[in-house]
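Please read the structure below before turning to the comments.
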Amino acid sequence: MNNSKNDSKQINIVIAAAVIMCSFVVFYGKTSYYKPEKVPVPVIYEPQQINLPPEYKLSLTGQRDIKNQDVFIYAQAYYKIYCRVVHIMPYYTGISGGLAPVDFAVVWGELVKKENYSNIDFKQSGRWAYFRPKEKCLYDNEYISKHFSNMHIIPADENVLAGLKKVKKFDEIYLEGYLVNIESFKNGKLSMTWNSSLSRDDKGDGACEVMYVTKIINKQGKFESAKNH
């Protein structure tokens, strides 16, 4: 009986590992020919957010057809952030995977510095991100939680997606775009909602930012949505 449970556990681990590996292959596999403009990564100490009035929320990001479902993207706030990516997890299954093919676990403020983020362990799993301070960490959980986020990244187009694929763990990046809410309909019936956090102080379920990215700047250069030109 114990052997059966162990075998089942090992099979589940193998399946999970295969899914993760497949996600990385799908996300990084497609070649892009976007030529980025070489610019320095803009540095802002804290994320900047401007909440949008109701009349703008329905008109900025529009509608997409994903996996035979009608997906509506509603902009809630203009948002830009300079941060360091401390963990990366790609996704490809389901509506959420079709919309947001990658999650970036990021830090900002004092945690951008190597002597600070290197004293914290980070991991991601199932659209969640976690941190654990090491013994030498100078910052408490409260400061870390307010300067750490798991961001669900929706590229505005293939140009932005090309920039996302260039990002490596521990890269410094700048993102610009919108925090958004999502509604998905199948055969006219609501099948999924996915809402962004609008605060850096919340924790737990619903605390992640769902970001529709129109511009990303990394060490490779600036990758900007064609709609911005």
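Taken together, the values in this text are just the output of simple stated rules run on the coordinates, not laboratory data. Predicted model, so just to flag it, every value in this text is computed and none were measured. Reconstructed Cβ throughout: ideal geometry from the backbone, glycine too, with neighbour counts over all protein chains shown.
If I histogram all Cα-Cα distances within segment 158-229 using bins 10 Å wide from 0, what percent of pairs lands in each bin?
18, 35, 35, 12, 1
Evaluate the charge dipole of segment 131-174 about its Cα centre and quote only its size in Debye, nearest 20, assuming +1 on the Cβ of each Lys and Arg and -1 on the Cβ of each Asp and Glu. Walk me through the intermediate numbers first.
Details: 8 positive and 7 negative charges, 48 e Å.
My answer is approximately 240 debye.
If amide H atoms are built 1.01 Å from N in the plane of the peptide, which residues on other chains or at least 5 residues away come under 5 Å of the amide H of residue 221?
39
Tell me the relative contact order for segment 31-228 as a rounded percent, counting alpha carbon contacts under 8 Å between residues six or more apart. Don't skip to the end; give the middle numbers.
Details: 439 pairs, mean separation 52.1, N = 198.
Computed value for segment 31-228: 26 percent relative contact order.
Two decimals, Cα atoms only, Kirkwood Rh: what is Rg/Rh over segment 31-228? If you can, show how the numbers build up before the last one.
Values: Rg = 16.5 Å, Rh = 17.2 Å.
Dividing the radius of gyration by the Kirkwood radius yields 0.96.
Note down the magnitude of the dipole of segment 31-228 about its Cα centre, charges +1 on Lys and Arg C-beta and -1 on Asp and Glu C-beta and zero elsewhere, to the nearest 20 debye.
Working: 27 positive and 23 negative charges, 121 e Å.
It works out to roughly 580 debye.
Could you tell me which GluC sites (Glu not before Pro) in segment 76-183 are loop residues by DSSP with no more than 16 other beta carbons within 10 angstrom of their beta carbon? Numbers along the way, then the final one.
Numbers: sites: 110, 115, 135, 142, 158, 172, 176, 183; in loops: 135.
Here the GluC sites (Glu not before Pro) that fit, given the DSSP loop and packing criteria, are 135.
Specify whether the C-alpha gyration tensor of segment 115-218 places it in the rounded, prolate or oblate class, a ≥ b ≥ c being the square roots of the eigenvalues: rounded for a/c under 1.5, otherwise prolate if a/b is larger than b/c and oblate if not. Show your work: numbers first, answer last.
Numbers: a/c = 2.45, a/b = 1.47, b/c = 1.66.
It is oblate, given that a/c is not under 1.5 and a/b is not larger than b/c.
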